[in-house]
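Reviewing the structure listed below.
Every number here is computed from the coordinates shown, using simple stated rules; none is lab data. Since this is a predicted model, take the numbers as computed values, not measurements. Because the Cβ atoms are built from the backbone with ideal geometry, glycine has one as well, and the counts that use them run over all protein chains shown.
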Ligand SMILES: *[C@@H]1O[C@H](CO)[C@@H](O)[C@H](O)[C@H]1NC(C)=O
Ligand SMILES: *[C@@H]1O[C@H](CO)[C@@H](O)[C@H](O)[C@H]1NC(C)=O
Ligand SMILES: *[C@@H]1O[C@H](CO)[C@@H](O)[C@H](O)[C@H]1NC(C)=O
């Protein structure tokens, strides 16, 4: 998202936003809404304002009353409404990726709400592998959003979450996503959407706020060596589209009941996603049955015409997008060109009617046409409900649940706050605040920086080590002097948005500049433990630190949110036993040297030496694997129940009886309701209580270019020291063990499947 810029328009856009701030500051602190019968009692006679009627009747009534010009004004994110019908201007663009954000122009942080709770950037929250947490965060965010809406500072439609697959470690927006695995991304997306949208009164039609899953689809290149998302044509096989790129969107729509999907800037197989009737009308609305609206990225219609030159005229672009199934244009392209498209006979007005009907229906479900929101459910929420102590505690909790312990030499972590008399805190990210938020951030309530968090526990000595994260000329001697004087050293290194962000992919995946040199030099003179803390969105080649015995521990903290420093101290001093697991593979630099970021293939190609992507397909060396993460305790697994054989009850005349089938279509009748249980005993064999994520992976028979293994499910449990627990997975054969074949159909392979849990392996036969 964000404004696209051609050439040097960056500063211009910043200015525009700045001016907009002025406008809002002088506005009154009341929400926008339609059907204000207190102000104008004759509104009560309008059917679209009548709460006793069903939404469809109300929407139809409203659409019938609008002129073509008014309708077109409702196709864009700055929706004009209709003054004569008492429908105010509505700004659709608000964001809430990890807390209410002011990246979208529909949200402002000014008195009486100068900030909102800033949660960890999504990639770190995903590392918690705690679905309850994903949903709980969503719920807190929507409470703060409603509170801000009630005082006129936020909209009701939030263009979050980002569920694109983190396919390549260099992607600047990987930080916004739940990682590389389609199952984790699907669970994250559905849970976060439910947290945002679901109402406490159980009404499944009305919405607390409306979420949006973006950016559909196969969009994971921002700007890599000058190749920009605006012109990138992702060449994607049906197999990869259906088993890697689309599942999180499908889950958003089907499991999360999301109110919106956003199409991306890029093309997929030569067609812009926002102008592809197959992707929009066919899949999102047809197959998945989206109940809501499809919105473009900002302004991807402009991009289709001016950057991609995909269409001959702007009117043709407008017609293509709307006929493909687009309902709302972030930006202004349709307000300029849709009317001419109708006049030129390229677009029938009925298409516009159905687009705005989807938009209005969403607003109806949000209560926008029910009068003053302060008199509806959530009307009591206000500034007092933003940045509450409980919300700020939850962001700290989320960060500590996500932080991943990657290396820990015995005797290193946790540090004892009584034994450590002085702690050296070194590195360009040691004393940062804004960096902790990541992108799509808001204004936080109150920061706790790493240095602050650590200083609250023990006496510290601080040195930044480098001027900034680019670290071109580190102050090695000074940093060494500080380290040599301390009992232990914490080095907070990594990246910030100057290294990886929207519109900027990385080229190298090593620590930026001379950071590695600084770490090695400082470690060489340290007297005690040296804890390397990596603050970043993407994975890092830190092989040098993994191999260096003087670097005794490594922690990855993502971008940990406003309370990141407190959460880091909780983990370092053992107030919290780390339980995060990597939601993405950490590759060596050689991967970045060898693989073109633009190659979208998930599967390896032995003919070209292309190694494939993510733990499901990549077989080369890694720095740390997907799902890796240590604890201060140790956990053992024992298989209690799993099948030896599973067979399909096939009818006598089924074709697989006469000819040998290698797989069965999930669409097949016999594929319904075939399930089995896997029970595991998990024991905390260590001395400290803690949480532990049990991953159930499966390796299917190697037909149809199947993944070498894939996640079937995960379950996080808390166990006190020496305690044991039972973890149960109910495995639906056709849902959880299936894969997509070469042509894009979902199949279950027949033959030997191998289940993996930690080092445990169990094979069973799946046959007819
Ligand atoms: C009240 O609303 C009706 C219906 O939209 C409209 O015709 C009328 O002009 C409005 N009156 C005022 C005073 O705004
Ligand atoms: C990537 O690393 C190589 C080798 O260290 C270096 O020459 C190059 O400048 C780096 N590129 C970027 C964009 O940092
Ligand atoms: C998952 O997160 C919730 C919400 O923070 C928390 O109460 C629960 O203990 C977590 N589960 C585990 C197993 O850590």
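Please list, in order, the residues from the stretch 42-78 whose amide nitrogen is less than 18 Å from a point placed 7 Å along the Cα→Cβ vector of residue 375.
Of the residues in the stretch 42-78, 42-53 have backbone N under 18 Å from the label point off residue 375.
Can you give me the distance in nm between label points at residue 762 and residue 332, each placed 7 Å from the Cα along the Cα-to-Cβ direction?
With each label point 7 Å from Cα toward Cβ, the separation is 6.2 nm.
Tell me the mean residue ellipticity at 222 nm calculated for the chain from its helices only (DSSP H runs of n ≥ 4, each -39500 (n - 2.57), averaged over every residue, nearest 500).
Helix contribution divided over all residues of the chain: -7500 deg cm²/dmol.
Provide the FRET efficiency to the nearest 0.05 for the residue 655-residue 132 pair, computing r from the beta carbons and using R0 = 45 Å.
0.55
Stokes-Einstein diffusion coefficient for the chain at 4 °C in a medium of 1.567 mPa s, Rh from the Kirkwood formula over Cα pairs: what value in µm²/s?
Taking Rh from Cα pairs, D becomes 48 µm²/s.
In what order do 199, 506, 206 fall by count of nearby beta-carbon atoms within 10 Å, going from fewest to most?
By the 10 Å Cβ count, ascending, the order reads 199, 206, 506.
If you build the Cα gyration tensor of the stretch 558-644 and take the root of 5 times each eigenvalue, what three semi-axes come out, in whole angstrom, biggest first?
32, 22, 10
Give me the one-decimal nm value for the distance between modelled label points at residue 227 and residue 68, 7 Å along each residue's Cα-to-Cβ direction.
4.3 nm
Out of the DSSP beta bridges found with both residues in the stretch 450-577, what percent are antiparallel (nearest 5)?
Approximately 10 percent, going by the DSSP bridge assignments.
What ranking of 655, 634 emerges when the number of other C-beta atoms within 10 Å of each C-beta is taken as an exposure proxy, fewest first?
655, 634
When N counts the residues of the stretch 31-152, how does its alpha-carbon radius of gyration compare numerically with 2.2 N^0.38 Å, as a ratio?
Relative to the rule-of-thumb radius for its length, the stretch 31-152 sits at 1.33.
Compute the relative contact order of the stretch 23-169 as a whole-number percentage, counting only Cα pairs closer than 8 Å that sit 6 or more residues apart in sequence.
For the stretch 23-169, the relative contact order is 24 percent.
I'd like to compare 87-96, 298-307: which one has the highest average count of other Cβ atoms within 10 Å, and what's the full order after that?
Packing proxy ranking, top to bottom: 298-307, 87-96.
Arranged by the count of other C-beta atoms within 10 angstrom, fewest first, what order do 653, 204 take?
Taking fewest neighbouring Cβ atoms as first place, the list is 653, 204.
What is the distance, in nm, between label points placed 7 Å from the Cα along the Cα-to-Cβ direction at residue 57 and at residue 269?
About 4.4 nm separates the two model spin labels.
Just need the relative contact order of the stretch 518-571 here, percent rounded to a whole number, with Cα pairs under 8 Å and 6+ apart.
That works out to 39 percent.
What relative contact order, as a whole-number percentage, does the chain give when Cα pairs under 8 Å and 6 or more residues apart are counted?
Result for the chain is 14 percent.
Based on the Cβ-Cβ distance of residue 619 and residue 503, what FRET efficiency does E = 1/(1 + (r/R0)^6) give at R0 = 51 Å, to the nearest 0.05?
Working from the Cβ atoms, E equals 0.95.
With both partners inside the chain, how many of the DSSP beta bridges are antiparallel, as a percent to the nearest 5?
60 percent
Ordered by packing density, taken as the mean number of other Cβ atoms within 10 Å over each peptide's residues, highest first, how do 561-568, 622-629, 468-475 rank?
So the peptides 561-568, 622-629, 468-475, ranked by packing, come out 561-568, 622-629, 468-475.
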